[in-house]
């Protein structure tokens, strides 16, 4: 066992140095910054489109006095609940609402006609269901006019709220799940094509002759994991620096149930386990591929399956102690995501020890399975065996 670990560390140091000291690694580190910059640049524009352009516009085909009272009621309510929560009102010619809605140049999705005492809302069924409550509220405020009561709410501060704390911990768990999933999918995909080039150049046969295949697989996984932590440290420092600048030093995120030091430690461990589980699977599958095209073909179904596993784990967050959460914890590929969410909501530590041991057993089992398949279908194929997992069928002789 010690010989396998020593050989794995040699392979890991070789692959780690080859990746870290390459010129493309700088581009790899800077790559995720471009979506962030683009998102910040277009974030304000998208918010403006959402709050302004996508707000429904309702036409007021009413008498001038009634239309004025509806507009005044809209202004009063917008000052209290925000204009973004109300439809936009524009006056329309007092004619048949049906003809107004069928005009090619109309911008209204519904028309309010009649009087403020008996308003009539005309439009499609879905639009009526969406706007009925808002128009009822506006008409009621128009009838009340300046007599619309304005009750001021007295404020009473408390130092703690169990409901708010539970909600904040749930959001913390969800955020940790999303972060670990995105990092895993971003970084583990490179493992899938890790062996293709070395198989093509016959380097893998030299490595297999020098060290055990177990060491080759384990070493490559350790190297890619180490490279991932270098990237995470770089991106994490950038995020902390950005938060300090834009949000200020006094920002106080909600505290998870196990506390921030243990939560961050568990986050690193569960990312390692999620990466090792998916990376060992990718390494085993990629070892069977002979070309980059096969790797690209395999990448899509594996990624889709992992997304399904992630969605299953996010569903289990809201059902702690239920059968779905237990199933998500027991299933190895969803276990890291389910357990990091539990760490945010439950202070017990012993389930994490059991879960980490369980996940480590599965990592070892998947690596052993990948090694067995590699020996059976790849190494033996070079010795004249025709057994290959992804073999191309030859055309029948004519």
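Just so you know, all these numbers are worked out from the coordinates, no wet-lab data involved. Please read all numbers here as calculations on a predicted model, not as lab measurements. Heads up, the Cβs are rebuilt from the backbone with ideal geometry, glycines too, and the neighbour counts pull from every protein chain shown.
Estimated from the Cβ-Cβ distance and a Förster radius of 35 angstrom, the FRET efficiency linking residue 375 and residue 307 is about 0.65.
How much length would be gained if the chain were fully extended between residue 330 and residue 75, taking 0.36 nm per residue of separation minus their Cα-Cα distance, in nm to one decimal?
86.3 nm
Using 1/(1 + (r/R0)^6) with R0 = 35 angstrom and r between the beta carbons of residue 153 and residue 347, what's the FRET efficiency to the nearest 0.05? Don't skip to the answer; put the middle values down first.
Working: r = 34 Å, r/R0 = 0.98.
That pair, residue 153 with residue 347, gives E of 0.55.
A full extension of the chain between residue 323 and residue 237 corresponds to an added length of 27.1 nm, given 0.36 nm per residue minus the alpha carbon distance.
Normalised radius of gyration (Cα atoms, divided by 2.2 N^0.38 Å) for region 108-151: 1.26. Starting from one equal scatterer on each C-alpha and no solvent at all, send me the Debye-based log10 I(q)/I(0) for region 56-147 at q = 0.21 Å⁻¹, two decimals. For region 56-147, the Cα-only Debye profile gives -0.99.
How big is the C-alpha Rg of region 207-268 next to the rule-of-thumb value 2.2 N^0.38 Å, as a ratio?
Numbers: Rg = 18.3 Å, N = 62, 2.2 N^0.38 = 10.6 Å.
So the Cα radius of gyration is 1.74 times the expected 2.2 N^0.38 Å.
If you take the beta carbon distance between residue 260 and residue 95 as r and set R0 to 45 Å, what does 1/(1 + (r/R0)^6) give as a FRET efficiency, to the nearest 0.05? Rounded to the nearest 0.05, the efficiency is 0.10.
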